[in-house]
Amino acid sequence: MPSRRQFIKASAAGLLGAGLFRPEIGDAGLPPFELIASNGQAVFGDDQENATRVMYYNQSIPGPIIRIPQGKESVIRLQNSLDEPTSVHWHGLRIDNAMDGVPDVTQLPVLPGEQFEYRFTPPDAGTYWYHTHMRSWAQLARGLAGVLIVTEENPPRVDQDLVFAIDDWRLDRNMRIDTASFGSMHDWSHGGRLGNFITVNGDSEPNFEVAGGERIRLRLLNIANARIMNLLFNEPGISVIALDGQPVEPFTPDAGRIVLAPGQRTDLIIDMTSAPGSSTAIELVIGEYAYEIANFTYRPEIRREQLLETPIRLPDNPANKIVLPTEFKHVPLRMQGGAMGGMRSAQFEGREMDIRELVRHKKVWALNGLVGMPSEPLFRVKRGTAISLDVHNDNSWPHAMHIHGHHFVDDRNPGWWRDTILFQRGEHGAMRFLADNPGKWLIHCHMVEHMAGGMLTWFEVT
Ligand code: C2O
Ligand code: CU
């Protein structure tokens with residue numbers, strides 16, 4: 001496979017200046033956490049003249065890593081120092097509805113200069129993330145996201161616990177965030193905002209030092225607006241141990257390949273077995289090209305002769321121990337619209353509109369013929385009802401469907417509990433879960449331009 005470097009070649013490492021992310025200072029520290037969302041400047045590449053306006057948490061891209069214990073209450077105070085409203089959503093956490101961070105659904109938007117105190121007890125350990133849920137197509141594209149780790153009481157023994165938060169930026173010729181294309185209907189009706197510059201933890205092609213014989217836990221997150229990441233690992237000793245935070249029976253991915261749709265996470269255990277002094281690449285595969293996005297560089301000395309043989313199965317979470325009944329309330333969900341999708345009309349704001357009128361409103365996606373947040377929920381059920389969302393992807397694009405506040409089983413891979421799954425064009429499948437968390441919850445595509453373009457709905461658990 002031909003190997004190329006970044007699509008736009010940066011001669012220096014990723015984000016410099018204000019946005020520089022350093023893993024050692026990236027930790028949010030001890031609770032209560034302060035999360036300050038603000039505007040700032042960052043430099044992609046090495047030309048200090050070409051600073052670009054970003055939005056970030058605690059002046060870091062991505063935001064600080066927040067580590068909180070499973071089953072204990074944490075308090076995270078958001079200060080909005082932006083000049084526009086915002087909110088924080090805790091992606092994948094099964095917490096109180098009032099803390100879910102969806103503006104005008106679970107809380108009021110947090111206005112500039114205001115604060116909001118998020119207080120919750122995460123029931124499940126694992127790898128999660130937090131991000132803006134307000135005008136995500138612009139705020140997320142400018143940097144408002146971070147990693148949240150809910151720590152196990154007894155994690156598996158590893159030598160290093162690493163995070164790869166992978167992001168996709170669209171930069172212009174001057175290596176500044178391309179703002180001219182914000183809101184582009186072409187992006188919204190096609191695959192979303194796809195970038196041309198990949199960062200891992202805010203850095204371009206970072207090196208991670210390892211030693212032979214080490215066991216590493218690697219938490220992969222796709223925090224991009226819309227890009228599906230096809231990753232290729234050139235290390236033989238890989239096991240997948242968790243998906244979207246939830247433990248799975250460990251398995252070796254096929255040919256070192258891992259697919260991460262926007263919003264998804266995969267936890268790996270890697271036993272490092274390459275030669276001392278060598279380096280191995282992690283690549284992003286796009287079409288027939290593979291781009292190096294990060295490297296493991298081996299120290300000259302090895303850590304140990306014999307690999308660790310302790311078990312790597314994570315302790316179960318309450319989420320993945322839920323036993324689903326065999327009878328479900330079936331709710332069909334047809335995903336419609338987009339370029340080459342053949343949608344002629346759909347209902348928006350209570351009225352049937354033809355596609356031209358919809359485009360004028362920047363609405364090009366529908367679920368069951370409805371565009372945008374409908375006034376009535378997709379379904380309203382009593383707490384404890386088992387739901388099967390029977391999804392049909394009736395359009396020409398892949399979509400990463402996400403449910404708030406619940407984990408579900410994908411009937412195509414029934415052993416796994418997930419919060420976000422990918423439907424390729426034409427695919428169908430069922431998302432099955434126990435609606436056991438009271439409140440109003442979103443279901444939407446995590447290609448955030450598709451969500452903004454209408455692909456979202458909600459349900460209510462009473
Ligand atoms: Cu991470 Cu409503 O999303
Ligand atoms: Cu989508």
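Numbers for the structure displayed
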{"item": "Matching residues in segment 56-80 - criterion: being in a strand (DSSP E or B), of a type outside the set (Phe, Trp, Tyr) and within 12 Å of Gly146 (Cβ to Cβ)", "result": "Ser60, Gly63, Pro64, Ile65, Ile66, Arg67, Ile76, Leu78"}
{"item": "Residue selected from segment 60-96 under the condition more than 21 Å from Arg142 (Cα to Cα) and acidic (Asp, Glu), by the criterion modelled with the highest pLDDT", "result": "Asp96"}
{"item": "Subset of segment 112-126 [in contact (Cβ under 8 Å) with a residue 40 or more places away in the chain, part of a loop (DSSP other than H, G, I, E, B), surrounded by fewer than 21 Cβ atoms within 10 Å (Cβ to Cβ) and of a type outside the set (S, T, N, Q)]", "result": "Pro123"}
{"item": "Extreme residue, farthest from the chain's Cα centre (by Cα), among residues of segment 393-409 that are in a strand (DSSP E or B) and within 16 Å of ligand 2 (Cβ to nearest atom)", "result": "Asn393"}
{"item": "Selected residue (criterion: nearest to Asp172 (Cα to Cα)) from residues of segment 197-214 that are open to solvent by less than 10 Å² (accessible area, probe 1.4 Å) and assigned to a strand (DSSP E or B)", "result": "Phe197"}
{"item": "Given (1) aliphatic (A, V, I, L, M); (2) on the phi < 0 side of the Ramachandran plot; (3) over 22 Å from the mean Cα position of the chain (by Cα); (4) not assigned by TED's automatic domain parsing to the domain that holds Ser204, number of the condition Leu307 does not satisfy", "result": "(4)"}
{"item": "Total residues in segment 314-352, condition part of a loop (DSSP other than H, G, I, E, B), open to solvent by 90 Å² or more (accessible area, probe 1.4 Å) and at pLDDT 95 or above", "result": "2"}
{"item": "Qualifying residue in segment 149-166 (condition: touching a Ser or Thr at 6+ places or on another chain (Cβ under 6 Å), touching a residue at least 24 places away in the same chain (Cβ under 8 Å), open to solvent by 10 Å² or more (accessible area, probe 1.4 Å) and under 29 Å from Thr310 (Cα atoms))", "result": "yes"}
{"item": "Single match in Leu220, Leu194 (criterion: modelled with pLDDT of 95 or more, among the aliphatic types (A, V, I, L, M) and either more than 19 Å from the chain's Cα centre (by Cα) or in a strand (DSSP E or B) (or both))", "result": "Leu220"}
{"item": "Subset of segment 410-433 that is in a strand (DSSP E or B) and open to solvent by 40 Å² or more (accessible area, probe 1.4 Å) - its residue that is nearest to ligand 2 (Cβ to nearest atom)", "result": "His428"}
{"item": "Qualifying residue in segment 103-111 (condition: surrounded by fewer than 20 Cβ atoms within 10 Å (Cβ to Cβ), in contact (Cβ under 8 Å) with a residue 40 or more places away in the chain, away from ligand 1 (no atom under 16 Å from the Cβ) and not β-branched (Val, Ile, Thr))", "result": "no"}
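Yes/no matrix, rows are residues, columns are (1) more than 16 Å from ligand 1 (Cβ to nearest atom); (2) among the aliphatic types (A, V, I, L, M):
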residue	(1), (2)
Asn368	yes, no
Val371	yes, yes
Asn413	yes, no
Leu434	yes, yes
Ala452	no, yes
Phe459	no, no
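Yes/no per residue for (1) under 22 Å from the mean Cα position of the chain (by Cα); (2) under 19 Å from Asp203 (Cα atoms); (3) open to solvent by 40 Å² or more (accessible area, probe 1.4 Å):
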| site | (1), (2), (3) |
| --- | --- |
| Phe33 | yes, no, no |
| Ser38 | yes, no, no |
| Asp46 | no, yes, yes |
| Tyr57 | yes, yes, no |
| Ile61 | yes, yes, no |
| Pro64 | yes, yes, no |
| Gln70 | yes, no, yes |
| Ser81 | no, no, yes |
| Glu84 | no, no, no |
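The values are calculated or read from the model by the stated rules, or taken from the named source; none is laboratory data. Please read these numbers as outputs of a predicted model, since none were measured by experiment. Note that we place each Cβ from the backbone using ideal geometry, even for glycine, and neighbour counts take in every protein chain shown. We work out accessible area using only protein heavy atoms, side chains counted, and drop any ligands, DNA or RNA first. Shrake-Rupley method; radii C 1.70, N 1.55, O 1.52, S 1.80 Å.
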